[in-house]
């Protein structure tokens, strides 16, 4: 089981993501970001690359894709909130998206 982040860990690991466009969600302990690409192929390519990293971490995002937009929510269900896995995957998604 993965542990939920402490307040100190949140400041260290989640704050940089928030500074890079992620948002805290309402009603649950999760972060959200909308990635917009030039077209569907770029969006789908991002999702494919992201899926490989998510599988390596054994940590899978909640996401949806409509044309050139990919919306992502990260949370750790077995921790009932944000964990280090969310911070790691969020940072990786930002790098894959070029941000």
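Laboratory data are not the source of any read-out in this text; all were calculated from the coordinates shown. Source: prediction; values computed, not measured. Here Cβ is always computed from backbone atoms with ideal geometry, including for glycine, and neighbour counts include all displayed protein chains.
Against the chain, whose longest principal axis comes from its Cα atoms, helix 40-57 is set at around 30 degrees. Residue order for 88, 62, fewest other beta carbons within 10 angstrom first, comes to 62, 88. For segment 7-96, the C-alpha radius of gyration divided by 2.2 N^0.38 Å, with N the number of residues, is 1.04.
Every helix of 4 or more DSSP H residues in the chain counts as -39500 (n - 2.57), and over all residues that averages to -13000 deg cm²/dmol at 222 nm. Coordinate range of the alpha-carbon atoms in segment 51-99 per principal axis, descending: 32, 19, 17 Å.
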